[in-house]
Amino acid sequence: MQLLSELQNLAEYKKLLTQLNAGKPAAGLGLPRSARLPVLASLHADLNQPILLITDRADHALALFDELGFWTKSPRYLFTEPNPLFYEEAAWGISTRRERLQVLTALSNYHLPFAKKPETPPIIVASARALMTRTLPRRDFLKACKKLSVNQSIQPDSLIREWARIGYQRVNTVLEPGQFSHRGGLLDVWPSIEMNPVRLDFFGDEIETIRSFDPATQRTLEKLENILITPAREFLAETTDDAIQLSEFHIPLLHPQPASLLDYLPQKTVVVVDDVSLVEVMANEVEEQAVKFRRESIQEGTLSDNFPVPYLPWSELHDSMSEFVSLELGHSTELVDSDQLSVLSD
């Protein structure tokens, strides 16, 4: 794209690129909104590292995610924020689960010993509240991931028990992500990260074939050599019965160690903040709302007074972000060098 080529030739851009490559943060570029995504797309291409873009609200995150499709063909993901309020006992929607798990799985490829690192690193867009929401600790997520291959020997019953434990729902016919079914020597499962369900054909305890199929027609779409099964929820239950009864509301009870998306990021990820002041204001509003709702729920008797905090305060996330190279596209709350990308701000 000609515009990006011209951008990459600017002396100010080259200076910024050198700064980030050296592992130094860049605060307060003060870029107009029209220049932010082109700069981000160019940096992503030149740095060849994962990028996490943080903005204030869910609708802004969705708009940035959609617009990024114009500026880059690299893999991009939306880390969605759940609809239920913090402390509200309600399950997350299917699309929310799937989009968040797609992000965690994409990042797990940097940590799983049997996984191949992505040739093109991803760009992830998240709102402040999505980032604050606690998730499954990375260690637990990685331990629950299992690669299944053709000719592998494994008992179907053991897979069924494990899939139920990591959040998959047993049904008669698989129709949506997060479901599995068992008929004779066939195991159907729809991993949350896959576009289509997968059928495992067993001969005894050996996997003879692995095929993706169309859930509407049941016709085979593609033969596969292996498939990665990842958790279907952002929590792990101890038993099958627990898995049926629990929801994402119970994440802080099941996993006492707080974890966020930041824990899944590879070391060289660049954390980009859209507008620092707006993100901080939104995070504070979210936390104030959560504290109020908690107090009211305890008074009403719908929440235990010792229920753990289901989110990470922005102050903790901010400290964690200091472990990564950071970039602020808008104006900073800190003192900024006056010469940073001044041409792009005109």
Got at least one residue in segment 13-28 being part of a helix (DSSP H, G or I), out of contact with any His (no Cβ under 9 Å at 6 or more places or on another chain), open to solvent by less than 40 Å² (accessible area, probe 1.4 Å) and of a type in the set (Lys, Arg)?
no
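Using the structure shown, decide if Glu234 is open to solvent by 50 Å² or more (accessible area, probe 1.4 Å), of a type outside the set (S, T, N, Q) and assigned to a loop (DSSP other than H, G, I, E, B).
On the way: open to solvent by 50 Å² or more (accessible area, probe 1.4 Å): no; of a type outside the set (S, T, N, Q): yes; assigned to a loop (DSSP other than H, G, I, E, B): yes.
The answer is no for Glu234.
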If we keep just the residues of segment 170-187 that are crowded, with 16+ Cβ neighbours inside 10 Å and free of Cβ contacts under 8 Å to residues at least 24 places away in the same chain, which is farthest from Arg98 (Cα to Cα)?
Ser181
For segment 237-266, give me the residue count where each residue is open to solvent by 60 Å² or more (accessible area, probe 1.4 Å) and part of a loop (DSSP other than H, G, I, E, B).
4
Please specify each residue of segment 295-328 satisfying the condition of being in a helix (DSSP H, G or I) and open to solvent by 70 Å² or more (accessible area, probe 1.4 Å).
Arg295, Glu296, Gln299, Glu300, Ser315, Glu316, His318, Asp319
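Can you work out which of the residues in segment 113-131 that are open to solvent by 10 Å² or more (accessible area, probe 1.4 Å) and assigned to a loop (DSSP other than H, G, I, E, B) is farthest from Thr269 (Cα to Cα)?
Phe114
Check whether at least one residue in segment 137-153 is assigned to a helix (DSSP H, G or I), in contact with a Ser or Thr (Cβ under 9 Å, 6 or more places away or on another chain) and under 25 Å from Glu67 (Cα atoms), and report yes or no. Don't jump to the end; show me each part of the working.
Residues of segment 137-153 assigned to a helix (DSSP H, G or I): 138-144.
Of the ones still in play, those that are also in contact with a Ser or Thr (Cβ under 9 Å, 6 or more places away or on another chain) are 138, 141-142, 144.
Cutting the leftovers down to under 25 Å from Glu67 (Cα atoms) gives us none.
Scanning segment 137-153, I find no residue that is assigned to a helix (DSSP H, G or I), in contact with a Ser or Thr (Cβ under 9 Å, 6 or more places away or on another chain) and under 25 Å from Glu67 (Cα atoms), so the answer is no.
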State which residue is nearest to Phe79 (Cα to Cα) when the search covers only segment 29-52 and only residues that are part of a loop (DSSP other than H, G, I, E, B) and open to solvent by less than 20 Å² (accessible area, probe 1.4 Å).
Pro50
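The values are calculated or read from the model by the stated rules, or taken from the named source; none is laboratory data. This structure is a prediction, so every number in the text was calculated from the model and none was measured. A quick note on method: Cβ atoms are made from the backbone with ideal geometry, for glycine too, and the neighbour counts reach across all protein chains shown. Ligands, DNA and RNA are excluded from the accessible area calculation, which covers all protein heavy atoms including side chains. Shrake-Rupley method; radii C 1.70, N 1.55, O 1.52, S 1.80 Å.
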